[in-house]
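> Provided herewith is a single structure, encoded as structure tokens, for subsequent inquiry.
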Amino acid sequence: MVSYAQQPDRMLEGNILLEQHAVDTYTQQIAHIKDPYVVDVLKRILLDEQLHLEMFRSSLQQLRGQNAG
């Protein structure tokens with residue numbers, strides 16, 4: 001999905017949606033794939049995606065806090 005948002009808060013909201021989709025997708029794949037090596041790789045990727053999600057959420061919260069004050 002391509003986003004043409006120019007406002008930082010809209011950009012972060014879009015990134016949050018994409019990261020959440022990635023987390024959901026990897027979680028589903030881990031549940032269905034039987035190869036333990038592939039599952040291990042997906043679990044590592046999932047950790048990265050979860051970290052990205054938290055970073056974007058934190059950035060959005062900080063941005064909204066700055067705009068409120």
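Bear in mind that the values in this text are calculations on the coordinates, not laboratory data. This one's a predicted model, so the numbers in the text were calculated from it and none came from an experiment. Virtual Cβ from ideal backbone geometry, glycine too; neighbours counted across all protein chains shown.
> Let me spell out the model: positive unit charges on the Cβ of Lys and Arg, negative unit charges on the Cβ of Asp and Glu, origin at the Cα centre of the chain. What dipole size does that give, in debye rounded to 20?
Values: 6 positive and 9 negative charges, 18 e Å.
It works out to roughly 80 debye.
> Right, something else. Report, to the nearest 10°, how far helix 8-32 tilts away from the longest principal axis of the Cα atoms in the chain, using its own Cα long axis and a range of 0 to 90°.
That works out to roughly 10 degrees.
> Sticking with the crude label model, points 7 Å out along Cα→Cβ, report the distance from Glu54 to Ile33 in nm, one decimal please.
2.3
> What residue among His52, His32, His21 has the largest mean-square fluctuation in a Gaussian network model of the chain, using Cα springs under 10 Å?
Greatest mean-square fluctuation among the candidates belongs to His32.
> Dividing the alpha-carbon radius of gyration of the chain by 2.2 N^0.38 Å (N being the number of residues), what value is obtained? Walk me through the numbers on the way to the answer.
Working: Rg = 15.0 Å, N = 69, 2.2 N^0.38 = 11.0 Å.
So the Cα radius of gyration is 1.36 times the expected 2.2 N^0.38 Å.
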